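See structure below.
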Amino acid sequence: MVPFGSGERIGFVVALTAETKLRKVKAILGVLGSHPSVTKKQMDLAVWMAEYYATPLGIILRAMLPAFLSRVPKERVQLLDGPATGLTPRQQRIVKFLDGTNGYSPDILRRRLGIGAIRSDLRALVNDGVVEIKAEPPDTPPVKTVRIVKINRWFEDLAELERLLGRAKRQLEAYQILASSGGKLELSHLVKQSGFSRGVVTGLEKKGVVQIEDMEVNRDPFSGIPMSDKMKHVPTEDQATAIKTILALHEEGKGASALLHGVTGSGKTLVYVEVIKKILEEGKGAIVLVPEISLTPQTVSRFRARFGDQVAVLHSGLSEGERFDAWRQLKTGERRVAVGARSVVFAPVKNLGVIVVDEEHDATYKQNEAPRYQARDVATVRAIKEGAICILGSATPSLESWHNREKGKFHYIGLPDRVGGGSLPPVHTVDLRKELQNNKSSIKSGDDASMVLSPVLKEAMGVRIARREQTLLLLNRRGYSSFVQCRSCGGVENCTKCSISLTYHRHRGQMVCHHCGQSKKALARCSSCSSSDLSFKGMGTEQVERIVNETFPGVRVARMDVDTTSGKWSHQEILGRVGRGEVDILLGTQMISKGLDFPRVTLVGVINADVGMHLPDFRSSERTFQLLSQVAGRAGRGSLGGEVFIQTFLPEHYVLQAALKHDYMGFARKEMSQRQNPAYPPFVRLVNVVINSPDNECAADNIEMATRFLDVAKKRMSIGGEVGVVGPAPCPIEKIHDRWRWHFLVRSASVSALNQLIGPLTKEFKTKGRDVRLIVDRDPSSLL
Ligand code: ADP
Ligand code: ZN
Ligand code: ZN
């Protein structure tokens, strides 16, 4: 802890030096922990990230360590033994007060002595070596407990108990309630719901019949989940080859990355598990990254089944204290497998042997706030630095990884077939243009249900319902309709803070902005011309749910999107119902496309594949292809087989053509050629430089200045030829949350040229005006 401005800040000691050119050096106020928090190798990684992502080292380190460690510490001011001369009267009072005590916190000193600005006095005393300020990490947040009443002595013969209890009838009743509840109940339950007084319980306790104790409440849904027996399989020939190849790489001990390209259902998890097992046998550790949404008990149980208590699951439902415990257990080597989402890439696993990045193409591996890192890339860099193996698994690898494979940077391992001889499900497209032709008359009359469920899809769903099989329906747009347009004046309701239209949510009766979350009551009339002739355009999941319910009355439908999964475990609750066969049709956004392995799902329908295809973002085709392939891969995973219907206005588009044939390579070839001219990743690297401000003109001026700054820097470093700048221009979404946004793109095939340029941009470039923010986003995942 160091003095900084008028207060104190927690800093990280990253190096020690014996001398300095600085003239005025301030003393450290206190040290928060004497053990190094990061290893040398983690520090190397942090330094690399700080340069690559042009982000201050402190922000990187903070992301690497549990939040808990950078909390405001408890401080204790203690008197040292040394001489204390030349003190001001106030300082003398402080010393006198501390004398003979074990020390006090600065706060107590301030109050007891009535010295307002006590900090400056304390600092002076620290500098003179009179006192020291000890800083201790705050207490770990306590584990939550409840009071439990537990039967201590069971009575077979109630008459015997009656004799013991005498006339205390209520005590006997309480015993009976406890006994019928398995011998254990929460105290509050007995008192509040069953109406026993506290005295009744105490009476039973005194007679030794029950005891009262604190029981830890388990908030971790992953502890105690049944272990999956799915990982007991004998590897197939392809799996065995993959395992052998990866272990051979591991033997070399140099650190390397392997792309495990396996179609959906090819059994990639078993490969991860077998490799991890071997690596644990050598006394090393492992990290497994999965997309946040796939961090389900189903996934976790596959690792727990094999590695039991060695596994530490890091997830957003943990309290700060639980997170800290997991972190410590990994650091000491007590647990050796860390499983979690994006940030688990920093887990302090001891003697790291392997990092698995499952579904490596997943967009959520990129963090969209500082530090803006891409966990997949960090994983490969960390693996090299630690001499570990990084396995990147996917059915639809990102083009970046595909390119790295073609350049020979990544080893390639293919699992071309589903395990057990199962085949990928046949995919059919439904041409929505034809549906539109066939339904002109009914659509005019406002009934466009047939555009949502085309006759073929409807029929296929009916067959599944009759056979008691399950259907997944994908529509990657939530809400009821993505915009509401007035038929008389053509006006569209927009967010007042963002430059996008409001989405109508029928259940809530509200219009909601999907960027800033602002909402208002939905009106029955146009807000500019008061006409009631409104049309609901851009259908969302709520609308599909309504239509499905109307088409198949009595069928059990579950909807899974951001709106139905706001509770911490609600999406797992929905999936649990699907797994137990309590749902006939699961409808949702991209959330339903990932990782689900339900053998009774025999039909997948995509309501409209074109959602997202036309976004002004170079990755929109890639995203759509991945989404279609992933969701198609959910069908026919069991012996029942399956099929897929994709509804689209663009059946000839190469994305749909490739999805029809499960042809990743065909897609990659076509998409790669699209990215060459103009050059986009993976052929060049991008940095998106965004400036935002409440004042549009100010943001525009600053982006101009930043562009000029970069131009000058380019000339100075003579790297002009290698680096191109596109823009500046307003961002595709010009305004979010009342802040106007301008950007330009920096592109270059040279990593080092970009490093050289963006470093100064974040460190030296000064914005002008009030409340102007500069964001430098390296390898952006979205340009919107
Ligand atoms: P992927 O992640 O590649 O889509 P999974 O790892 O989920 O595939 O495996 C798909 C299914 O195949 C799972 O139900 C899994 O239990 C099963 N499976 C995996 N390997 C084998 C094997 N060698 N023999 C039999 N079944 C297997
Ligand atoms: Zn109007
Ligand atoms: Zn908004």
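Some notes on this structure:
- Rh (Kirkwood; distinct C-alpha pairs) - the stretch 542-581, Å: 11.1 Å
- Label-point separation, residue 428 to residue 726 (7 Å along Cα→Cβ), nm: 3.9 nm
- If R0 is 30 Å, the Cβ-Cβ spacing of residue 531 and residue 695 corresponds to a FRET efficiency of close to 0.30.
- Taking a ≥ b ≥ c as the square roots of the Cα gyration tensor eigenvalues, the stretch 444-590 comes out oblate, since a/c reaches at least 1.5 and a/b does not exceed b/c.
- Dipole moment magnitude, nearest 20 debye, the chain about Cα centre, only Lys, Arg, Asp, Glu C-beta charged: 1480 debye
- Counted as membrane-span-like here are DSSP H helices of the chain whose alpha-carbon atoms extend 24 Å or more along the helix's own axis and whose Kyte-Doolittle mean is -0.5 or above; there are none.
- Computed from the C-beta positions of residue 281 and residue 577, the FRET efficiency with R₀ = 56 Å rounds to 0.90.
- Residue order, fewest to most beta carbons within 10 Å, for 591, 511, 717, 613: 717, 613, 591, 511
- Measuring between alpha carbons in the structure, the pairs from 41/74; 458/594; 40/385; 26/96 lying more than 18 angstrom apart are 41/74; 458/594; 26/96.
- Once both labels are positioned 7 Å from their Cα atoms along Cα-to-Cβ, the gap between residue 14 and residue 763 label points is 1.0 nm.
- Sorted largest first, the principal axis extents computed over the alpha-carbon atoms of the stretch 268-313 equal 31, 22, 15 Å.
- Stokes-Einstein D in µm²/s, Kirkwood radius over Cα pairs - the stretch 652-784 at 4 °C with 1.567 mPa s viscosity: 80 µm²/s
- Rounded FRET efficiency, nearest 0.05, which uses the C-beta distance separating residue 57 from residue 127 and R0 of 25 Å: 0.40
- Convex hull of Cα atoms in the stretch 267-393, direction-averaged projection (nm²): 7.2 nm²
- Cα centroid of the stretch 37-104 to Cα centroid of the stretch 529-600, whole Å: 50 Å
- Leading residue at positive end of dipole, the chain (Cβ point charges), from 283, 245, 438: 283
- Extension gain (nm, one decimal) between residue 41 and residue 117, 0.36 nm per residue minus Cα-Cα: 23.2 nm
- Among the listed pairs 254/670; 232/277; 366/766, those whose Cα-Cα separation exceeds 24 Å are 254/670; 366/766.
- Along principal axes, Cα extents of the stretch 362-494, largest first, whole Å: 66, 47, 28
- Added length on full extension, which subtracts the Cα-Cα distance from 0.36 nm per residue, residue 494 to residue 343: 50.8 nm
- Net lengthening on full extension, residue 521/residue 21 (0.36 nm per residue, minus Cα-Cα): 173.7 nm
- Taking amide H atoms as placed 1.01 Å from N in the peptide plane, the amide H of residue 412 lies under 5 Å from those of 259, each 5 or more residues away in sequence or on another chain.
- Magnitude of the charge dipole, the stretch 317-441, Cβ model with Lys/Arg +1 and Asp/Glu -1, debye to 20: 240 debye
- Summary of packing: across the peptides 482-493, 297-308, 109-120, the per-residue average of other C-beta atoms within 10 Å ranks them, highest first, as 297-308, 482-493, 109-120.
- Distances between every pair of Cα atoms in the stretch 602-720, grouped in 10 Å steps from 0 to the bin holding the largest one, split as 11, 29, 23, 18, 14, 5, 1 percent.
- Shape call, the stretch 344-410: gyration tensor on alpha carbons, a/c limit 1.5: oblate
- Inter-label distance, nm, simple model (7 Å from Cα along the C-beta direction), residue 92/residue 351: 6.1 nm
- Average 1/r across all pairs of distinct alpha carbons in the chain, invert it, and you get the Kirkwood radius: 30.7 Å.
- q = 0.14, 0.15, 0.24, 0.29 Å⁻¹, the stretch 515-558: log10 I(q)/I(0) [Debye, one scatterer per Cα]: -0.56, -0.63, -0.94, -1.03
- Quarter the surface of the alpha carbon convex hull of the stretch 319-374 and you get the mean projected area, 4.5 square nanometres.
- Order of 261, 505 under a 10 Å beta carbon neighbour criterion, fewest first: 505, 261
Each reported figure results from applying straightforward, stated rules to the coordinates on display, with no laboratory input. Just so it is clear, the structure is predicted and the values come from calculations on it, not from any experiment. Please note: Cβ atoms are built from the backbone with ideal geometry, for glycine as well, and neighbour counts cover all protein chains shown.
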